[in-house]
1. Hey, got a sec? Which GluC sites (Glu not before Pro) in segment 49-136 land in a DSSP loop and have at most 13 other Cβ atoms within 10 Å?
2. Considering the options 91, 61, 80, tell which one lies farthest towards the positive end of the dipole of segment 6-115, charges being +1 on Lys and Arg and -1 on Asp and Glu at the Cβ, about the Cα centre.
3. Using the per-residue mean of other Cβ atoms lying within 10 Å as a proxy for protection, in what order, highest first, do the peptides 34-43, 97-106, 112-121 fall?
4. Report the extension gain between residue 124 and residue 27 in nm, rounded to one decimal, defined as 0.36 nm multiplied by the number of residues separating them, less their alpha carbon distance.
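Derivation of every value follows stated rules applied to the coordinates shown; laboratory data play no part. Keep in mind the model is a prediction, meaning the values are calculated, not measured. Because the Cβ atoms are built from the backbone with ideal geometry, glycine has one as well, and the counts that use them run over all protein chains shown.
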Amino acid sequence: MSEPTATTSAPGVDQPDASWVHVAEMKDLARRKRKQVDVAGCPIALFLVDDEVFAIDDICIHQERSLSKGTLLNGQVICPGHQWKFDPRTGQPEDQDGCQATYAVQVTEEGAILVAPEPVTPRQATTNESSTHPVGR
Ligand code: FES
């Protein structure tokens, strides 16, 4: 694996000692703009927004649906469970509390996507347990 040479998204991050994990290639995000990957046993969702790659917890803080199976619309991730909208840059849901964990991402000149295994911002549970539009899992 080559050394990362370009950072596409690393909100507030400087982790020179992190053990970056090679999780995917840019071409893997070209069509659907989203992909679930595994980093140290954690399912993480990658999203391509405005040519930048963002990584957040794949498991929704609300009722654990997979955000990578959701919809990416106008730079927001819409969860397939109950349509909460998340900002993939910050992991924060719109009009809800709690937060998806976010992870630092680097993309090499060759297009390899690397993710740091430790979150930049931690997962914060929501206090909203409601399910207004139940959807089977
Ligand atoms: S499971 Fe994601 S919004 Fe309910």
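1. Numbers: sites: 52, 64, 94, 109, 110, 129; in loops: 64, 94, 109, 110, 129.
Here the GluC sites (Glu not before Pro) that fit, given the DSSP loop and packing criteria, are 64, 94, 109, 110, 129.
2. In segment 6-115, that residue is 80.
3. Details: 34-43: 15.7, 97-106: 22.7, 112-121: 20.0.
Top of the packing list down: 97-106, 112-121, 34-43.
4. On the way: separation 97, 0.36 × 97 = 34.92 nm, distance 3.13 nm.
The span from residue 124 to residue 27 would gain 31.8 nm if fully extended.
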